[in-house]
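Structure first, commentary second.
The values are calculated or read from the model by the stated rules, or taken from the named source; none is laboratory data. Computed from a predicted structure; not experimentally measured. Note: ideal-geometry Cβ built from the backbone for every residue, glycine included; neighbour counts use all protein chains shown. Just the protein is used for accessible areas: all its heavy atoms, side chains included, with ligands, DNA and RNA removed. Shrake-Rupley method; radii C 1.70, N 1.55, O 1.52, S 1.80 Å.
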Amino acid sequence: MQLKNYHIDQQSYAKCIEVSKRVRWDIDNDVIRGREFDFSQKFLPDGISKVEQLQFLNDDEKRLLSQIQGRTYANMFGFVERFITAKVLETTRDHWLGDQTALEALIRFSDEELKHQELFRRIETMMADGMPEGYKFLPDPDAVAAAVLKNSTWAVLALILEIELFTQEHYKQSIEPEKNLSDLYKDIFLFHWKEETTHAMMDELEWPREDSKLSAEERDHAIDELIAIVADVDGILQNQSAADVDYFTKVCDRSFTDDEVQHIKDGVLKAYRWQYIFSGVEHPRFQKLYNDLTTEDQRQHISAALATLN
Ligand SMILES: [Fe+2]
Ligand SMILES: [Fe+2]
């Protein structure tokens, strides 16, 4: 069923199909190419891990913390892509009949996210082989996806756009320019970025299309849901950052004072909040659409909720 009064921008979806065909890659032949991770190098650059702010750590410790954060970073993508794929497949329903362009673009989007999940599962095993035992990635992709998908499509699409914009931003601003990263780790995010560029474009088409279906009351309710989802994301970040720091302190060669451990915990939680929440929400493209779709009162309501995370 197509919406009566909403113009579907088939040209933009056609552009996404063209880019998707041009950049499409294979996990083994293009990305991994028989390589292993180089554990003598960092995984996540300092611009994302923020490990430079922990000045009492030596270079080896900073590298290890970058690798642990890098492992979580890859796992986070594999995990959010579970609900992203499900929601994108659901949005195809409005494009089943009539012009098939948007349908093809969104099917390609879902297909790419399925492949990305496989890539992130594959590399988790490879990273585990090169690191001491004891690392835990806590969130269950299906349980979180089931909880996220109970919310309105408006709220979930806002979250998805936020995620797909920070994916691109992190790669362009921090991963691409950094010389001293594991080559394989860097390439994974180069190839991921290539296929992600069209995803945010489609989110920017689907979110306002969904918005056009809502009454003012329904949008108000969706905003409350979005605030609750962000609070749940923050809960996940609190637990995972604590688990990652526990693992770090266990596998490090020296012991830390309670004060130092607290500093590392605070630093990693702050980095994760920036990585998964603020760098997406503050992205100019997110801000533009969000300003178009919400009122000043609604934005103040959201800002007040986000302020509790600092
Ligand atoms: Fe992806
Ligand atoms: Fe994506």
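Residue 255 fulfils the conditions (1) farther than 15 Å from residue 72 by Cα; (2) open to solvent by less than 60 Å² (accessible area, probe 1.4 Å); (3) small (Gly, Ala, Ser) except for a single criterion, (2). Selection of segment 92-111 for residues being within 16 Å of ligand 1 (Cβ to nearest atom) and open to solvent by 10 Å² or more (accessible area, probe 1.4 Å) yields 107, 108, 111. Assessment of segment 155-167 against the conditions (modelled with pLDDT under 95, away from ligand 1 (no atom under 15 Å from the Cβ) and either open to solvent by 10 Å² or more (accessible area, probe 1.4 Å) or of a type outside the set (Gly, Ala, Ser) (or both)) yields no matching residue. Would you pick out the residues in segment 172-188 that are in a helix (DSSP H, G or I) and either among the aliphatic types (A, V, I, L, M) or open to solvent by 10 Å² or more (accessible area, probe 1.4 Å) (or both)? Result: 172, 173, 174, 175, 183, 184, 186, 187, 188.
Restricting 119, 114 to those that are open to solvent by 20 Å² or more (accessible area, probe 1.4 Å), within 16 Å of ligand 1 (Cβ to nearest atom) and under 21 Å from residue 276 (Cα atoms) reduces the list to 114.
Do the conditions hold for residue 190, that is, is it within 16 Å of ligand 2 (Cβ to nearest atom) and in contact with an Asp or Glu (Cβ under 9 Å, 6 or more places away or on another chain)? Here the answer is yes, as residue 190 does meet what is asked.
Being touching a residue at least 12 places away in the same chain (Cβ under 8 Å), open to solvent by 10 Å² or more (accessible area, probe 1.4 Å) and either under 18 Å from the mean Cα position of the chain (by Cα) or under 30 Å from residue 18 (Cα atoms) (or both) holds for only one residue in 234, 220, 142, and it is 142. Considering the conditions (1) buried (at least 17 other Cβ atoms within 10 Å of the Cβ); (2) within 16 Å of ligand 2 (Cβ to nearest atom); (3) of a type outside the set (Lys, Arg), residue 152 is excluded by exactly one of them, (2).
Does residue 44 satisfy being open to solvent by less than 10 Å² (accessible area, probe 1.4 Å), assigned to a helix (DSSP H, G or I) and within 30 Å of residue 259 (Cα to Cα)? Considered against the rule, which asks whether it is open to solvent by less than 10 Å² (accessible area, probe 1.4 Å), assigned to a helix (DSSP H, G or I) and within 30 Å of residue 259 (Cα to Cα), residue 44 comes out as no. When residues in segment 259-294 are screened for being not in a helix (DSSP H, G or I) and not polar (S, T, N, Q), 2 of them pass.
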